[in-house]
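Take a look at the structure below.
The values are calculated or read from the model by the stated rules, or taken from the named source; none is laboratory data. None of the values given here were measured: they were computed from a predicted structure. Backbone-built Cβ (ideal geometry, glycine too); neighbour counts: all protein chains shown. Please note that ligands, DNA and RNA were not included when accessible areas were found on the heavy atoms of the full protein model with its side chains. Shrake-Rupley method; radii C 1.70, N 1.55, O 1.52, S 1.80 Å.
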Amino acid sequence: MKIGVFDSGIGGLTVVKSLLEHQLFEEIVYFGDTARVPYGIKDKNTIVRYAIEAVGFFKNFELDLIIVACNTVSAYALNEMKETSSCPIIGVVEAGVLATNNALKDKDSNILILGTKATINSKAYENALGSLGFKNLQAKATGLFVPLVEEEIYSGEILEATFKYYFNQTTKPDAIILGCTHFPLISNSLKKYFHKNTILIHSGDAIVEYLENNFDFDTKYQQAKLKFFASENPDALKNIASKWLNKSLYV
Ligand code: DGL
């Protein structure tokens, strides 16, 4: 299978990392809209317009599937993307909700949903989890984590200050949904701040779980062919990709 992975910028590489670790695909075409990131502070119309343009970009390749790695786009534009795409499209929100449901046996579990302002305002996670019977949901827009991760700040004083700023009223969660592509990189610090046993729902792993439950994969591809495209400075994207994809990031 040859797939496309779309994100507003570099964050979707965390999803690519999970896909590569599970060796599911022969070829991955990544497109990051680095010229227009962040999407998480934009309104629905803009997000939908950019997302439809991304579908247009992927039409240059003969893809079997497009994975929307961006939570913000998945929350707002998945249906509109599907209407204009000739290949199937799946998004990380649905996968994240199913992964949360599989990970938590108790519907009274306390779930903390983190995401961009747009993702949290969409209530996409809250509504879907609510309809599955989860009642104790806290949702918090934590957009400052995005530039921190882009600065490669994954721990330390500045990050801890933002934790205090965002989480001073937060009840200790049983599970945290990392509802933004960048957040897996601060998993360790989040666990340290809350509790080492906190369950973290990672978009990349959730997508892998979703794919393995919905498609048959009989071949493993040890060396997937990777193609990276960006709307601005593709070399910067390639540099980050070689850093992020070649080391263990979440330990
Ligand atoms: N990729 C976005 C997401 O997962 C985060 C960055 C942005 O705001 O564009 O929601």
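Annotations for the structure displayed:
- Accessible area of region 78-216 divided out per residue, in Å², using a probe of 1.4 angstrom: 47
- Environment charge at S18 (Cβ cut-off 14 Å; Lys +1, Arg +1, Asp -1, Glu -1): -4
- The alpha-carbon of K172 sits under 22 angstrom from the alpha-carbons of these lysines, leaving out residues fewer than 8 places away in its chain: K105, K107, K117, K123, K135, K140, K164, K191, K192, K196.
- Rounded to the nearest 20 debye, the dipole magnitude of region 1-77 is 320 debye, with +1 charges on Lys and Arg beta carbons, -1 on Asp and Glu beta carbons, and the Cα centre as origin.
- Surface listing: F58, F229 arranged by accessible area from highest to lowest gives F229, F58, probe 1.4 Å.
- Accessible area of D43 (1.4 Å probe, protein heavy atoms only, ligands and nucleic acids ignored): about 90 Å².
- Kyte-Doolittle mean at least 1.6, axial Cα span of 27 Å or more - DSSP H helices of the chain: none
- The shape of the chain comes out rounded: with a ≥ b ≥ c from the C-alpha gyration tensor, a/c is under 1.5.
- Projecting the Cα positions of T72, G115, H195 onto the charge dipole of the chain (unit charges on Cβ atoms of Lys, Arg, Asp and Glu, taken about the Cα centre) puts H195 furthest along the positive direction.
- The count of lysine pairs in region 2-101 that are at least 8 places apart or cross chains, and whose C-alpha atoms lie under 19 Å apart, stands at 5.
- Average Cα contact separation per residue, region 1-157, under 8 Å, 6 or more apart, as relative contact order %: 21
- Alpha-carbon Rg/Rh ratio, for region 144-251, with Rh computed the Kirkwood way: 1.01
- For peptides 109-120, 151-162, 64-75, 27-38, sequence by mean Cβ density within 10 Å, most packed first: 64-75, 109-120, 27-38, 151-162
- Carbon-plus-sulfur accessible fraction, the chain (probe radius 1.4 Å, protein heavy atoms only): 47%.
- Computed over the chain, the per-residue total of -39500 (n - 2.57) for DSSP H runs of n ≥ 4 gives a 222 nm mean residue ellipticity of -12500 deg cm²/dmol, rounded to 500.
- About the Cα centre, charge dipole magnitude for region 14-171 (Lys/Arg +1, Asp/Glu -1 at Cβ), debye: 660
- Interchain or long-range residues, amide H under 5 Å from E232's placed H: T34, A35
- Each of T84, Y39, L13 was placed along the dipole of the chain (beta-carbon charges, centred on the mean Cα), and the one lying farthest toward the positive end is Y39.
- Three-way shape label, region 37-122, alpha-carbon gyration tensor, a/c 1.5: oblate
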